[in-house]
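The values are calculated or read from the model by the stated rules, or taken from the named source; none is laboratory data. For clarity, every value in this text was computed on a predicted model and none was experimentally measured. Using ideal geometry, Cβ is built from the backbone for each residue, glycine included, and neighbour counts are taken over all protein chains shown. Protein only, heavy atoms only, side chains kept; ligands, DNA and RNA dropped before computing areas. Shrake-Rupley method; radii C 1.70, N 1.55, O 1.52, S 1.80 Å.
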Amino acid sequence: MPPCRAAIWPRQRLKTAQDLESGKTELELERGRLLTRLRQDYHEQKDRIKAAVLVFGEISEALYETPGNLTISPESNGPKFDVSIHAAKSKGISNMQIFCFDMMIARLCAERGIGPGFLVHDSHLFDG
């Protein structure tokens, strides 16, 4: 006589739960390995990161009296980029943070001889 469904379901549910827990553990281990690699890369690239921070400050200072700040930090979800310009908080300032960040990237790429050599933004960036 075949086993009844009621007896099979708990075993399948237990196996599914075990598989999920095992997969979760593997993902957590992989996230830890990736964060370790990111921190190592961050340390190895500290001179380039410092250059990016300085260039961002120069570009934002050309537009505003006080230079803006760029902070790059390794986080569990990947690198975190914080940009701020010390001026009144408005949509226009947010757009200028994007503009300064993009100009910084374009300048660093030009200095390294990589990239297309130009920067394109859509009209929404300049609406304000």
- Put +1 on the Cβ of each Lys and Arg and -1 on the Cβ of each Asp and Glu in the chain; which of Gln40, Ala17, Ser73 then has its Cα farthest toward the positive end of the dipole? Ala17
- Message: So for each of 52-64, 32-44 I average, over its residues, the number of other beta carbons within 10 Å; can you give me the resulting order with the highest mean first?
- Response: 52-64, 32-44
- Run the quick spin-label model on Ile114 and Lys15: label points 7 Å from Cα toward the beta carbon, then report their separation in nm to one decimal. 4.8
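Expressed in nm to one decimal, what extension gain is obtained for the pair Tyr42 and His86 from 0.36 nm per residue of sequence separation less their Cα-Cα distance?
Numbers: separation 44, 0.36 × 44 = 15.84 nm, distance 2.61 nm.
Roughly 13.2 nm would be gained on extension.
Provide, as a two-decimal number, the C-alpha radius of gyration of the chain over 2.2 N^0.38 Å, N being how many residues it has.
Working: Rg = 24.2 Å, N = 128, 2.2 N^0.38 = 13.9 Å.
Dividing the Cα Rg of the chain by 2.2 N^0.38 Å gives 1.74.
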- How much area per residue is accessible in the chain when the probe is 1.4 Å and only protein heavy atoms are counted (Å²)? 77
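Roughly how large, in nm² to one decimal, is the mean projection of the convex hull of the alpha-carbon atoms in the stretch 19-73? Let's see the in-between values first.
Numbers: hull surface 20.2 nm².
If I average the Cα hull's projected area over directions, I get 5.0 nm².
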- What is the count of Lys pairs in the chain whose alpha carbons sit under 23 Å apart, if the two are 8 or more places apart or on different chains? 5
- Which percent of the accessible heavy-atom area of the chain goes to carbon and sulfur, probe 1.4 angstrom? 58
- What list of ³J(HN,Hα) couplings, whole Hz, do you get for the stretch 19-29 from phi and the Karplus terms 6.51, -1.76, 1.60, once you set θ to phi - 60° and write x for glycine and proline? 4, 4, 5, 5, x, 4, 4, 4, 5, 5, 5
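If you take the beta carbon distance between Asp102 and Leu35 as r and set R0 to 30 Å, what does 1/(1 + (r/R0)^6) give as a FRET efficiency, to the nearest 0.05?
Working: r = 27 Å, r/R0 = 0.91.
Calculated value: 0.65.
Using per-residue counts of other Cβ atoms within 10 Å, averaged over each peptide, order 114-120, 102-108 from highest down.
Working: 114-120: 9.6, 102-108: 17.4.
Packing proxy ranking, top to bottom: 102-108, 114-120.
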